[in-house]
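*Asks:* I have a structure I would like to understand better, so I am pasting it below and will then ask my questions one at a time.
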Ligand SMILES: [Zn+2]
Ligand SMILES: [Zn+2]
Ligand SMILES: [Zn+2]
């Protein structure tokens with residue numbers, strides 16, 4: 001799957017970011033502890049596509065649009081929008 005980049009200004013979902021930090025250290029579904037992603041709408045933590053892809057499953061269930069990697073750096077290492085299917089820069 002190729003991943004594109006778009007400018008932050010062109011993502012209408014950026015305003016839905018509410019949570020960028022968490023104490024959670026495991027996927028909320030399977031307990032995976034590596035390559036975690038944080039849902040910035042609800043604070044849920046899920047594993048990435050190199051594991052069981054619970055981050056994608058969470059988006060498909062909830063429509064929560066934006067994830068960031070954990071541990072979350074400052075500034076954030078990257079921001080991914082599921083709806084736009086792109087990294088925001
Ligand atoms: Zn977006
Ligand atoms: Zn998982
Ligand atoms: Zn969520």
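*Asks:* Return the total of residues in region 39-66 being assigned to a strand (DSSP E or B) and within 13 Å of ligand 2 (Cβ to nearest atom).
*Replies:* Counting residues in region 39-66 that are assigned to a strand (DSSP E or B) and within 13 Å of ligand 2 (Cβ to nearest atom) gives 4.
*Asks:* Further question on the same structure: Within region 41-56, work out how many residues are away from ligand 1 (no atom under 16 Å from the Cβ) and in contact with a strand residue (DSSP E or B) (Cβ under 8 Å, 6 or more places away or on another chain).
*Replies:* Total meeting the criteria: 7.
*Asks:* Something else: Looking only at region 1-20, count every residue that is assigned to a loop (DSSP other than H, G, I, E, B) and either surrounded by 12 or more Cβ atoms within 10 Å (Cβ to Cβ) or free of Cβ contacts under 8 Å to residues at least 40 places away in the same chain (or both) and tell me the total.
*Replies:* 9
*Asks:* Sort out which residues of region 65-77 are over 9 Å from the mean Cα position of the chain (by Cα) and under 13 Å from residue 14 (Cα atoms), and write them in order of number.
*Replies:* Result: no residue meets the conditions.
*Asks:* Starting from residues that are in a loop (DSSP other than H, G, I, E, B) and within 16 Å of ligand 3 (Cβ to nearest atom), keep the ones in region 74-89 and report whichever is surrounded by the fewest Cβ atoms within 10 Å (Cβ to Cβ). Write out each step before concluding.
*Replies:* Residues of region 74-89 in a loop (DSSP other than H, G, I, E, B): 74-79, 82-85, 89.
Narrowing further to those that are within 16 Å of ligand 3 (Cβ to nearest atom): 79, 82-83.
Values: 79: 21, 82: 18, 83: 14.
Within region 74-89, the match that is surrounded by the fewest Cβ atoms within 10 Å (Cβ to Cβ) is 83.
*Asks:* Continuing with the same structure: For residue 61, only one of the following conditions fails: (1) more than 21 Å from residue 7 (Cα to Cα); (2) buried (at least 17 other Cβ atoms within 10 Å of the Cβ); (3) within 13 Å of ligand 3 (Cβ to nearest atom). What is its number?
*Replies:* The number of the failed condition is (2).
*Asks:* Quick check on region 23-40. Is at least one of its residues in contact (Cβ under 8 Å) with a residue 12 or more places away in the chain, more than 18 Å from residue 87 (Cα to Cα), more than 16 Å from ligand 1 (Cβ to nearest atom) and crowded, with 20+ Cβ neighbours inside 10 Å?
*Replies:* Quick first cut of region 23-40, residues in contact (Cβ under 8 Å) with a residue 12 or more places away in the chain only: 24-30, 32, 34-40.
The next check asks that each one be more than 18 Å from residue 87 (Cα to Cα); those that pass are 24-30, 32, 34.
Now narrow it down to the ones that are more than 16 Å from ligand 1 (Cβ to nearest atom): 24-30, 32, 34.
Cutting the leftovers down to crowded, with 20+ Cβ neighbours inside 10 Å gives us 27.
Yes, that holds for at least one residue.
Values in this text are rule-based calculations from the coordinates and carry no lab data. Everything numeric in this text was worked out from a predicted model, so none of it was measured. Every residue, glycine among them, receives a Cβ derived from its backbone with ideal geometry; neighbour counts consider all protein chains shown.
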